[in-house]
1. Can you order the peptides 87-93, 15-21, 307-313 by their average number of other Cβ atoms within 10 Å per residue, highest first?
2. Based on the Cβ-Cβ distance from S159 to H344, what FRET efficiency comes out when R0 is 45 Å, to the nearest 0.05?
3. Heavy atoms of the protein only, probe of 1.4 Å, neighbouring chains included. What is the accessible area of R219 in Å², nearest 10?
4. Compare G68, G44, G156 in a GNM of the chain, Cα atoms joined below 10 Å, and give the one with the largest fluctuation.
5. From the helices alone, meaning DSSP H stretches of at least four residues, give me the mean residue ellipticity at 222 nm for the chain, per-run term -39500 (n - 2.57), in deg cm²/dmol to the nearest 500.
6. Using a simple charge model, +1 on the beta-carbon of Lys and Arg, -1 on the beta-carbon of Asp and Glu, nothing else, what dipole does the chain show about its Cα centre, in debye to the nearest 20?
7. What's the extension gain from D107 to S178 if we count 0.36 nm per residue and subtract their Cα-Cα distance?
8. Calculate, for L292 and T48, the FRET efficiency according to 1/(1 + (r/R0)^6) with r their C-beta to C-beta distance and R0 25 Å; round to the nearest 0.05.
Amino acid sequence: MPFDPQSSAFLATCRREPTERVPVWFMRQAGRSLPEYRAVRGDGSINTAIANPDLATEITLQPVRRYGVDAAILFSDIVTPVHAIGFGIDIKPGVGPVAEKPITSADDLRRLRPLDPEADTPYVLETIRNLVAEHDIPLIGFAGAPFTVASYLIEGGPSKNKARTKSMMLDAPELFTSILDRLADMAIVSLTSQVANGASAVQVFDSWAGCLSPDMYERYVLPASQKIFEAVAPLGVPRIHFGINTGELLALMRAAGADVVGVDWLVPLDVARQRLGPDSIIQGNLDPVLCLAQWPAVADAVRRVIAQNAGEPGWIFNLGHGVLPETDPAILERVVELVHAEAHLGGQ
Ligand code: CP3
């Protein structure tokens, strides 16, 4: 049955409309915590799996079947577009994205040519069309935010303190801004093509923005993210903005133009609402590490998160970051059941 947007608690919540239940989905809900994922994924590069629409469709749907979540998120990666234009980036298992030749000078900008989604990532669009044609669930499309993607391209891989990225910001601000601007344009065309092919919401992952002070974020990063949210506004789908360690950046992240702001577990939901303003729409924020505990402790943690939302509309339950590979899927199944059963709007 094709998807009917009117019936979606997830989409209604993204507009702050009251719903019968609080919608739930999990970042990284598809992935190594699921035995059915490990069974179909094989040993090759994740890029090979992403480039196979039948496989990517199946992997996207696995958590929907198992957990009964209220939204699917496309199986792809934030570095898929840069990989597709031949920048030279791979995703190493257990490590993350690794660039063969990190960006060091303005010469490297040539390697960041514009993305043509139909020609460069046709498999992503085919996966989306497969998903929306046959399944009655909203599909979240996504892109990496310019800063977070740039950090991989400049550092060459995951990095604790983002030293090269911050040095480039200060010592070569024009180059840094050009990189972010090109990555913003790639995100815009990618998100636009995802929505054109049927995605019904988009999330921009700025996972590592929290390493920046509000001042640095505002000066060097906000303009590129703002450009994305403005450009995709006319598409008319909800726009979610996510990062971790972003307690001090929440208001700026909302100012970037998102409809929904992700909140990590360090900021209680009621505090996040104070920082974001009275009509805010938020997504979060159970600590994914707590999901490794025994069920009674997890249930208690979920109930505390529910209590912190205090019955406000405009809340999507999620983790504060992605599902850890060692998570027992049975726990997440019970989390979904518990939120659906016990989280209600209009006071606890
Ligand atoms: O279920 C989903 O959320 C959808 C698919 C998705 C993946 N990556 C698949 C994936 C999404 C939305 C992402 C986004 C992503 N990728 C982010 C932003 C979200 C976040 O977690 O902060 C980031 C920073 C990346 C970069 C990346 N890709 C990392 C750090 C890793 C982990 C490396 C590892 O093996 O530990 C990946 C690989 C990756 N992307 C996996 C999955 C399911 C796991 C590995 C695999 O099967 O090979």
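The values are calculated or read from the model by the stated rules, or taken from the named source; none is laboratory data. Worth saying up front: this structure is predicted, and the values here are computed from it rather than measured. Heads up, the Cβs are rebuilt from the backbone with ideal geometry, glycines too, and the neighbour counts pull from every protein chain shown. Each accessible area value is taken on the protein alone, full model and side chains, heavy atoms only, with ligands, DNA and RNA left out. Shrake-Rupley method; radii C 1.70, N 1.55, O 1.52, S 1.80 Å.
1. Top of the packing list down: 307-313, 87-93, 15-21.
2. Calculated transfer efficiency: 0.60.
3. Its heavy atoms expose roughly 140 Å² to the probe.
4. With Cα springs under 10 Å in the chain, the top fluctuation among G68, G44, G156 is at G44.
5. -13000 deg cm²/dmol
6. My answer is approximately 480 debye.
7. Length gained between D107 and S178: 24.4 nm.
8. For L292 and T48, the calculated efficiency is 0.25.
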